[in-house]
Amino acid sequence: MVFTLIKKYWIAHTLFILTIITILSLIPLDELPPFPSNDKTQHFIAYAVLMLPTAIRKPQYIKEIVLFFICWSGAVELLQPYVNRYGEWQDLLANIIGLIFGWLLAKSIDKLCL
């Protein structure tokens with residue numbers, strides 16, 4: 001039932017998750033911490049969740065969507081210094097690994113539900 005809804009409304013789910021990630025990533029901080037935080041787990045989880053609806057639906061243009069997610073993630077990291085945040089390549093790497101994990105998780109779910 002849940003996976004049927006995800007497959008049916010995957011675009012809405014994906015856009016909602018992408019919007020939340022973008023907003024949370026670009027909310028200006030009043031003051032930067034003295035050094036970048038160790039938030040890689042949060043990046044990993046956020047982008048795994050982002051990938052899940054798309055990977056469950058498996059549209060024919062999934063490679064283009066994944067490339068878009070990677071570029072979007074990179075753009076967010078480049079914009080963060082302008083909103084008093086740290087933009088880090090390690091965050092981008094955690095995001096990419098999260099996308100891969102989300103795809104693998106969807107593939108595993110698909111095999112279990114057969």
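The values are calculated or read from the model by the stated rules, or taken from the named source; none is laboratory data. Only a predicted model underlies this, so the values are computations on that prediction, with no experimental measurement involved. Glycine gets a Cβ as well: all are built from the backbone with ideal geometry, and neighbour counts include every protein chain shown.
Please tell me if K111 is assigned to a helix (DSSP H, G or I), at pLDDT below 95 and loosely packed, with under 12 Cβ neighbours inside 10 Å. So K111 fits the description; yes.
Within segment 69-108, being touching a helix residue (DSSP H, G or I) at 6+ places or on another chain (Cβ under 9 Å) and assigned to a loop (DSSP other than H, G, I, E, B) holds for R85, Y86, G87, E88.
When residues of segment 68-113 are filtered for being within 22 Å of I27 (Cα to Cα) and of a type in the set (D, E, K, R), how many remain?
Applying the first criterion (within 22 Å of I27 (Cα to Cα)) to segment 68-113 yields 68-96, 98.
From the residues that got through so far, the ones that are of a type in the set (D, E, K, R) too are 77, 85, 88, 91.
The number of residues fulfilling the criteria is 4.
Each residue in segment 54-108 was checked for being surrounded by 18 or more Cβ atoms within 10 Å (Cβ to Cβ), of a type in the set (S, T, Y) and farther than 15 Å from L18 by Cβ, and 0 pass.
Within segment 1-10, if we keep just the residues that are surrounded by 13 or more Cβ atoms within 10 Å (Cβ to Cβ) and either part of a helix (DSSP H, G or I) or polar (S, T, N, Q) (or both), the residue that is modelled with the highest pLDDT turns out to be W10.
Count of segment 50-66 residues, restricted to those that are outside any helix (DSSP H, G or I) and of a type in the set (A, V, I, L, M), is 0.
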